[in-house]
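Asker: Sharing a structure, written as structure tokens. Questions coming.
The values are calculated or read from the model by the stated rules, or taken from the named source; none is laboratory data. Bear in mind that the values here come from a model prediction, so they are computed numbers and not experimental data. For neighbour counting, all protein chains shown are included, and Cβ atoms are generated from backbone atoms with ideal geometry for every residue, glycine included.
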Amino acid sequence: MKRRDMLKLALASAGLAALPAQAAEGCPGDGTPMQFVPKKAPDPKAAENDIEKYPKCPYCGMDRKQYHHSRMLVHYSDDLADGTCSLHCTAISLSLNVDRDPKGIYVGDNASGAEIKPLVEVDKATFLIGSSIKGVMSKTSKVAYGAAEAAKAAQTASGGEIGDFDKALLATYTGMAQDVATIRKMRAERRKKMMEEKKG
């Protein structure tokens with residue numbers, strides 16, 4: 001299945017699984033398709049200093065520096081960009097912006113030993129899918145490596161299946177319903193615990 005066709009299918013099946021955090025703030029265009037357009041100004045060099053420019057994921061609010069290893073950046077052809085925390089939220093961005101072509105998609109390179117993982121283009125990355133490594137926003141982990149050898153070494157240690165970005169993206173869309181249900185349950189439990197702590 002071609003990536004663009006997959007995105008169109010996902011828009012109907014899973015694209016509305018989460019709304020951008022900005023939608024709750026009363027941005028112009030709320031209530032229309034414009035509410036899903038990335039809110040930052042166009043940037044022809046969006047991947048440079050991406051954590052400083054896009055510190056929080058617009059779909060779930062997670063800190064991208066904390067999740068530097070799983071963070072992603074979608075750079076659309078009009079130079080608007082979505083800096084997300086994970087492949088889960090990137091899948092949402094791609095679905096909601098189905099008429100905006102990505103000119104570059106980047107992911108944290110877990111083959112790097114750097115304190116903050118650098119970004120690598122997804123087409124140059126090898127993904128380890130479904131290993132015992134904990135997933136981010138997903139029960140099924142998808143970890144990206146800039147070097148195929150590093151992915152294979154991780155597979156030997158943690159299991160899972162080697163694949164490319166399209167395979168990882170398909171796995172993300174396939175598991176979206178279950179992942180969203182799990183996220184909702186976890187957040188509800190967290191809210192309940194916070195309420196109990198306030199009362200106590």
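Asker: For the range 86-98, state whether one or more residues are more than 19 Å from GLN178 (Cβ to Cβ), at pLDDT below 95 and surrounded by fewer than 24 Cβ atoms within 10 Å (Cβ to Cβ).
Answerer: yes
Asker: So the check is Cβ under 6 Å with 6+ separation or different chains; which pairs have a first residue in the range 44-57 that's touching a residue at least 60 places away in the same chain (Cβ under 8 Å) and a second one that's surrounded by 18 or more Cβ atoms within 10 Å (Cβ to Cβ) and of a type outside the set (Lys, Arg)?
Answerer: Pairs found: ALA47/LEU73; ALA47/TYR106; ALA47/LEU119; ASP50/LEU73; ASP50/GLY83.
Asker: Residue check: is ILE51 of a type in the set (A, V, I, L, M, F, W, C) and more than 19 Å from THR172 (Cβ to Cβ)?
Answerer: yes
Asker: Let me ask something else about it. Tally the residues that are over 19 Å from SER86 (Cα atoms), among the aliphatic types (A, V, I, L, M) and surrounded by 14 or more Cβ atoms within 10 Å (Cβ to Cβ), restricting the search to the range 155-180.
Answerer: The number of residues fulfilling the criteria is 0.
Asker: Here are some residues: LYS124, LYS117, LYS134. Which one is closer than 24 Å to LYS65 by Cβ and crowded, with 17+ Cβ neighbours inside 10 Å?
Answerer: LYS117
Asker: Report, by residue number, each residue of the range 72-99 that is assigned to a loop (DSSP other than H, G, I, E, B), of a type outside the set (S, T, N, Q) and without any contact (Cβ under 8 Å) to a residue 40 or more places away in the chain.
Answerer: Across the range 72-99, the qualifying residues are ASP78, ASP79, ASP99.
Asker: For the list (1) buried (at least 20 other Cβ atoms within 10 Å of the Cβ); (2) modelled with pLDDT of 95 or more; (3) touching a Ser or Thr at 6+ places or on another chain (Cβ under 7 Å); (4) more than 26 Å from LYS53 (Cα to Cα), I need the number of the one condition that TYR145 fails.
Answerer: In the conditions (1) buried (at least 20 other Cβ atoms within 10 Å of the Cβ); (2) modelled with pLDDT of 95 or more; (3) touching a Ser or Thr at 6+ places or on another chain (Cβ under 7 Å); (4) more than 26 Å from LYS53 (Cα to Cα), TYR145 misses (4) alone.
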